[in-house]
1. Once R0 is set to 56 Å, what does the formula 1/(1 + (r/R0)^6) return for the Cβ-Cβ distance between T328 and S144, expressed as a FRET efficiency to the nearest 0.05?
2. Once you have the Cα-Cα distance between S246 and E57, take 0.36 nm times their residue separation minus that, and quote the gain in nm to one decimal.
3. Take every Cα pair under 8 Å in region 13-108 that's 6+ residues apart, average their separations, divide by the length, and report that relative contact order as a whole percent.
4. Just want to confirm a number: the relative contact order over the chain, from Cα pairs under 8 angstrom separated by 6+ residues, in percent.
5. Using a 1.4 Å probe and counting only protein heavy atoms, arrange D40, D108 so the residue with the most accessible area comes first.
6. With a 1.4 Å probe and all protein chains left in place, how much accessible area per residue does region 212-363 have, in Å²?
7. Work out how much length Y133 to V115 would gain on full extension: take 0.36 nm times their residue separation and subtract the Cα-Cα distance, in nm to one decimal.
8. What translational diffusion coefficient, to the nearest whole µm²/s, does region 237-304 have by Stokes-Einstein, given a Kirkwood radius computed over alpha-carbon pairs, a temperature of 37 °C and 0.692 mPa s viscosity?
Amino acid sequence: MKFGQPSTLPRWAQLTILPALNLLAALLVTGLVTWMIGEDPWECLKLLISGAFGYGEGIGYMLFYTTSYIFAGLAVATAFHAGLFNIGGEGQAYLAGLGVTLVMLGFDHTLPPYVLIPLAMLAAMGFGAAWAYIPAYLQAKRGSHIVVTTIMFNFIAYSLMLYLISHQLIEAGSQNPTTRLFAENGWIPQVHEVFTSLPSSPLNLSFVFALLAAGLFYLIVWHSRWGFTLRTVGTNEHAAGYAGMSVSRVIIVAMCVSGALAGLASVNDLLGSSHRMNVLFTNGVGFVGIAVALMGRNHPVGIVLSALLFGALTQGGSDLSFEKPMITREMILFIQGLIILFCGALENLFEPFIAGLFKRKDK
């Protein structure tokens, strides 16, 4: 499936002006709703920004959330460049968590950290890719719609993991659906442990891995032969097939890479923060990744900036809901939903107006 029509705007305007206007529109609607429930929109905005950027611990939490959103956004963007809409990142991250957990429970007391952590990351990528392979195969070989199958696989993944954690992997003697705590030699170092002057937070070195993944994404998608093939199939699969490219192979590989990137989002939480598997560890990261990719225009720079925005919304929203009980977690989800609406379904709402300004300027 193909998304969007060719734009008449310069590329830089598509990547900067349109997302900024979409974000502003979402914030204006949010401000109106905030005012309607009896709160001061300007005061709430200041609390939101202060909660994300106003103190060291808040910044650490914000970047921790950003890390997972970068991986999830890159996952969606990889499939998108092949003309696919992978909305199964949540399920792929879930199954990737199973890969991490199996490695940890099996080897965290025997393997050294420099072997154990890379092995767990490879397991996360492998399990995420394997879970994405089945919808990819059904799309490439059987013509099944990738959106339908990835939605189904999200629910299947949740049900499967709920059973495994509750009955097979649960900590001995525990009533909570969690595994035992992983041994410390399987923990990714947190940033405040490396730089002791920084305040304590769950931010860990997975953030560095996410930035490296974004850089590698750019080099591969825009500066490699496979990236050219990927984008060609995403633009016109019939022309790609006529040129001798294997469309089905590109679909399968792109979805597997997408699943592997989604899988790395589980590493940030399981090895960098909670150090155990529980039934809600993904916390919707796969769905937020869709908004991150859309707002970032499927470009790694845009994805990193968009992930920062959603990380700020998540952390700042937590502080805001503490200060303003009327602003609940559901309200923060409402704000995220508005951003998804304006940056997704209504992404070209302001394009005719902006295009008209550019035409007048050219005259």
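The values are calculated or read from the model by the stated rules, or taken from the named source; none is laboratory data. Being a predicted model, the structure only gives us computed values, none of them experimental. With ideal geometry, Cβ positions are generated from the backbone for all residues, glycine too; neighbour counts draw on all protein chains shown. Keep in mind that these areas ignore ligands, DNA and RNA; they rest on the heavy atoms of the full protein, side chains included. Shrake-Rupley method; radii C 1.70, N 1.55, O 1.52, S 1.80 Å.
1. 0.90
2. Here the answer is 63.2 nm.
3. Contact order relative to length: 9 percent.
4. In percent, rounded to a whole number, it is 34.
5. D40, D108
6. With the other protein chains kept in place, region 212-363 gives 46 Å² per residue.
7. 3.8 nm
8. Calculated translational D: 229 µm²/s.
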